[in-house]
2 protein chains.
Amino acid sequence: MFSIGELSRRTGVKIPTIRYYEQMGLIAAPDRTEGNQRRYSKDGLKRLSFIRHSRELGFSIDEIRELLDLSAHPEQPCNDAHQMAARRLADVQRRISRLQRLERELERISACDAHTIADCAVIETLADHSLCETEH
Amino acid sequence: MFSIGELSRRTGVKIPTIRYYEQMGLIAAPDRTEGNQRRYSKDGLKRLSFIRHSRELGFSIDEIRELLDLSAHPEQPCNDAHQMAARRLADVQRRISRLQRLERELERISACDAHTIADCAVIETLADHSLCETEH
DNA sequence: TCTTGAAGCTATAGTCGCTAGAGAGATTAT
DNA sequence: ATAATCTCTCTAGCGACTATAGCTTCAAGA
């Protein structure tokens with residue numbers, strides 16, 4: 001049995017966030033002590049780890065809810081789960097290539113060595129979109 | 001002179017977002033028609049393009065405010081602007097490498113070809129963090 | 001000139017995923 | 001017993017928008 005602080009330490013999820021997840025229905029309301037404090041079981045710990053990990057991978061709260069529903073029916077086909085992972089993957093890849101374009105442009109901007117704003121590339125480049133290497 | 005809709009079309013910034021920027025003090029309140037509708041000048045267009053472009057590069061509203069302040073004083077040194085670009089760049093690079101780790105993990109997850117949830121990698125992998133290749 | 005339909009106005013509330021604070025009560029260690 | 005630390009609920013705030021309702025104005029055609 002863990003207190004909420006203990007659970008927080010073990011999962012790396014902040015205390016208010018745990019309570020928020022409970023409110024959102026992602027985790028069940030746990031048993032309470034006589035003094036009304038939450039006490040979590042190993043199961044609660046596992047579920048929260050699942051959630052944390054999924055969030056880190058970029059799944060939204062709603063998607064995690066779906067995944068949790070899926071995992072509650074282990075006899076069913078896992079197509080849905082795979083589709084979700086594939087969507088996540090595609091999204092992550094899109095974000096990567098977008099960021100790489102930004103990286104190139106910021107590198108270009110940073111390379112300038114003018115001494116006053118008047119002839120400095122940062123403002124110039126940001127002001128005039130047509131100067132960009134790539135569209136975004 | 002552009003209407004707000006025209007400005008929106010030309011910059012790709014949505015109408016409510018333009019009004020929001022005005023409220024936040026990022027763009028000046030423009031002149032109005034007799035009937036109280038906003039009318040923008042070329043300058044307004046330029047400024048909004050600057051803002052849009054900066055947002056796309058990941059600058060926050062506050063950072064953009066700073067950049068706009070800087071550009072209003074072109075006689076000053078541009079160190080600040082460069083520092084901001086450099087910070088942005090470092091941040092973008094961090095985000096890229098983080099996403100690349102997620103990409104690898106999601107690829108691994110998606111590669112599974114089980115037929116039911118019970119022996120499917122998605123849920124498994126998400127549930128047990130220790131299975132991850134890398135820490136995150 | 002009149003009419004009609006698109007576009008614009010303000011104000012308010014909602015989104016997502018938390019995070020922070022106040023003020024009270026519970027638990028734990030000494 | 002007491003002090004220090006945790007935890008409780010409730011409310012409000014964050015950033016950067018987005019949506020809605022109910023109204024007014026504009027521009028183009030008849």
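Computed from the coordinates by the stated procedures, all read-outs in this text should not be read as laboratory data. It should be emphasised that the depicted structure is a prediction, and the values quoted were computed from it without experimental measurement. Using ideal geometry, Cβ is built from the backbone for each residue, glycine included, and neighbour counts are taken over all protein chains shown.
Across peptide B:68-76, how many C-beta atoms of other chains are within 10 Å of each residue C-beta, on average? Write down the numbers at each step before the final one.
Details: counts 2, 0, 4, 8, 2, 3, 6, 3, 5.
So the per-residue partner count for this stretch is 4.
Other protein chain C-beta atoms within 10 Å of residue C-beta, averaged over A:103-114: 5.
Give me B:46, B:14 ranked fewest to most by other Cβ atoms within 10 Å of their Cβ, as a rough exposure proxy.
Working: B:46 13, B:14 10.
Placing the least packed residue first, the sequence is B:14, B:46.
Tell me the distances, shortest first, between residue B:6 and the same position across the other copies, using label points 7 Å along Cα→Cβ, in nm to one decimal. Label-point distances to the other copies, shortest first: 6.8 nm. Report, in whole Å, the centroid distance computed from the Cα atoms of the stretch B:1-26 and the stretch A:34-76. Here the two parts' Cα centres lie 41 Å apart. With its label point put 7 Å out from Cα toward Cβ, residue B:111 sits 3.7 nm from the same residue's point in the other copies, in order from shortest. Largest first, the three principal axis extents of the alpha carbons in the stretch A:1-93 are 46, 30, 20 Å in whole numbers. Chain A's nearest residue to the axis relating it to B, judged by Cβ and reported with the distance in whole Å, is A:96, 3. Neighbour counts of other Cβ atoms within 10 Å put A:43, A:80 in the fewest-to-most order A:43, A:80. Placing a label point 7 Å from Cα along the Cα-to-Cβ direction at residue B:46 gives distances to the equivalent points in the other copies of 6.3 nm, listed shortest first.
Its Kirkwood hydrodynamic radius, worked out from the mean inverse distance over all distinct Cα pairs, puts the stretch A:50-91 at 10.5 Å. Residues A:112, A:78 in ascending order of nearby Cβ atoms (within 10 Å, fewest first): A:112, A:78.
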